[in-house]
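Scroll down for the structure; my scribbles are underneath it.
Nothing in this text is a laboratory measurement; each read-out follows from the coordinates by a stated rule. Please read all numbers here as calculations on a predicted model, not as lab measurements. Please note: Cβ atoms are built from the backbone with ideal geometry, for glycine as well, and neighbour counts cover all protein chains shown.
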């Protein structure tokens, strides 16, 4: 009887290990930047590379000062959450880029990297749904700007996009967060700044082509620009979800916000 109990335990442990979520760190070479970039890939339990199941992918962007593993450190339940929702999550290292293709620094071409080079690599190496119906992008703070920037400018890649506490209008903050290193100073390049901020991109959105969600805490320093983005979208009759909650620019706020955003993307991925 004791031998049978030990055997049963070994079988249970083996099954549990094969069904565990996988958190990988990978490097993807960027041809445009001529260097490799680190990324975290989170695979749901039961993922089988040789299987027939295709998964949607959520590209999850960190904020200024963050790294490719910031979301894993912030959201400890992320592997279990994406298993429950049946999706893959990819977290690129954005390196304070604001997810632009910098017009002044050829080593910071992260719009091309995330929207093209990384997406192509993920689709080639994982079982993914290779269409905008199976891709979404969102992030926090700088990554919130990146989520909306990439979604609006690449609807042929991402069918849904979002932002958490995003810097959706950069112009009130001309001396902050390395932005002038990426696009030049606001004083000398006001047109460049006008053309590199989310709130001026709304004319590109075609009705019914993009599912959009964004939120911000009422005590956040980005609250006003998020309110203005919401009003501008309302004036333009752009369908979107916008949520205001108590909270500031904190990890606690983003951890909670991500729960709701993942549900939004889950519903988008599973719409008929």
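Odds and ends about this structure:
- On Cα atoms only, tilt of 2-18 relative to the major axis of the chain in degrees: 20
- Convex hull volume of segment 138-270 per residue (C-alpha atoms, cubic angstrom): 101
- Acute angle (nearest 10 degrees) that the helix 223-235 long axis makes with the longest principal axis of the chain, alpha-carbon atoms: 80
- Rounded to 5, the percent of DSSP beta bridges in the chain classed as antiparallel: 40
- Pairs of Cα atoms nearer than 8 Å and 6+ residues apart set the relative contact order; for the chain it is 15 percent.
- This ranking places 156, 220 by how few other beta-carbon atoms lie within 10 Å of each, fewest first, which gives 156, 220.
- Gain upon complete extension [residue 116, residue 194; 0.36 nm per residue less C-alpha separation]: 25.7 nm
- Against the chain, whose longest principal axis comes from its Cα atoms, helix 251-269 is set at around 80 degrees.
- Look at 85, 43 and count the other Cβ atoms within 10 Å of each Cβ; fewest to most, that gives 85, 43.
- Overall dimensions of the chain by Cα: Rg and Dmax, Å: 19.6, 80
- Hydrodynamic radius by Kirkwood, which averages 1/r over all alpha carbon pairs of segment 115-210, in angstrom: 14.3
- From least to most packed, judged by other beta carbons within 10 angstrom and beginning with the fewest, 138, 185, 213 follow the order 185, 213, 138.
- Normalised contact order of segment 122-232, rounded percent, pairs of Cα under 8 Å and 6 or more residues apart: 26
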